[in-house]
Amino acid sequence: MKEFFTEGEEDFQLPEHPSAGDKEEFIPGAGREYFMSGDLMLSPGEHLLNDDADVKLTDCVGIKLPALRKKRVYVTCEPGIHNMRSDFFDELLQHTLHVLRVPNKYRVDVELVSKATIRQYNREKRGVDKVTDVLSFPSIDYIRPLKPRDPQAGKFLLDEFSGLYQLGEILICRSVCAAQSQEYGHSMEREMGYLFVHGVLHILGFDHVTEDGYRMMRDIEEKVLAMVGLKR
């Protein structure tokens, strides 16, 4: 089996900001493989021109099909908590993986929760009885960023439905996010994007217990947010 990530045995180093050539090759949203197109009329038995799709349509003459794509972020929210569109997080995940030079073949679950819920999870999972802004739950353990403790663990994370590997789950407290966006004087989208990217880095093995780790995470976070127009 191939390595779960492409870094192999080498220590992770933050790459330079992608060059103009790299940017031309990486198209935001290009990893969103479309299985069906709402603008195409497909005849019986016609295959869609997509390497990742294995779809054969037999009884759809003259039918316009809705556009379906391979989602990389699945978002749920508690009752009464305003949701965020999944493509907002999808784009951030793709840019994060791009900056880290990780293949775009992973998915993440996000849940937007209340203060009471995130406090409960913080208490039960971390032994910290207080409200926080974001919690991350990686699917596997890491010995360092992008380096799983068990190289074979990744094969159990494959979601056969989407064909993507499940990295983990991120909980974000929306009300804390809103309060922090006001405190720091920037938009709700900027704060939500920051918390999401921060959570993604945690489920990829990054941490900020040391000054170097903190600076590395902040550098990556700001690069990703800048790529989607969410600068400070």
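Rule-based calculations on the coordinates, nothing more; no lab input. Just so it is clear, the model here is predicted, and its values are computed rather than measured. Note: ideal-geometry Cβ built from the backbone for every residue, glycine included; neighbour counts use all protein chains shown.
Which chymotrypsin sites (Phe, Trp or Tyr not before Pro) from the range 79-177 combine a DSSP loop assignment with at most 14 other Cβ atoms within 10 Å?
Those satisfying the criteria are F161.
What is the set of long-range amide H partners of Y165 at a cut-off below 5 Å, with H atoms built 1.01 Å from backbone N?
Here the answer is Y106, R107, D159, since their amide H atoms fall under 5 Å of that of Y165.
Sticking with the crude label model, points 7 Å out along Cα→Cβ, report the distance from A116 to V209 in nm, one decimal please.
Simple spin-label model gives 3.4 nm for this pair.
Could you quote the convex hull projected area for the range 71-227, Cα atoms only and averaged over all directions, in nm²?
Working: hull surface 38.1 nm².
So the Cα hull casts an average projection of 9.5 nm².
Assigning unit charges at the beta carbon (Lys, Arg +1; Asp, Glu -1) and nothing else, what dipole magnitude in debye, to the nearest 20, does the range 97-232 show about its Cα centre? Working shown, then result.
Numbers: 20 positive and 19 negative charges, 29 e Å.
I would put it at about 140 debye.
Between C77 and residues 5 or more places away or on another chain, which pairs have amide H atoms under 5 Å apart, with H built 1.01 Å from N, and which residues are they?
Counting only residues 5 or more places away or on other chains, the set is L112.
Cα-Cα over 25 Å: which of K125/K147; K115/K231; K70/K155; K71/K223? Mind showing how you got there, number by number?
On the way: K125/K147 23 Å; K115/K231 27 Å; K70/K155 19 Å; K71/K223 23 Å.
Result: K115/K231 exceed 25 Å.
In nm, what is the difference between 0.36 nm times the number of residues separating V128 and F161 and their Cα-Cα distance? Intermediate results must be reported in sequence, preceding the final value.
Details: separation 33, 0.36 × 33 = 11.88 nm, distance 3.57 nm.
That pair, V128 and F161, stretches by 8.3 nm at full extension.
What are the ³J(HN,Hα) couplings of the range 219-229, residue after residue, when phi is run through the Karplus curve with 6.51, -1.76, 1.60 and θ = phi - 60°? Round to Hz, x for glycine and proline.
Rounded to whole hertz, the list is 5, 5, 4, 5, 5, 5, 5, 5, 5, 10, x.
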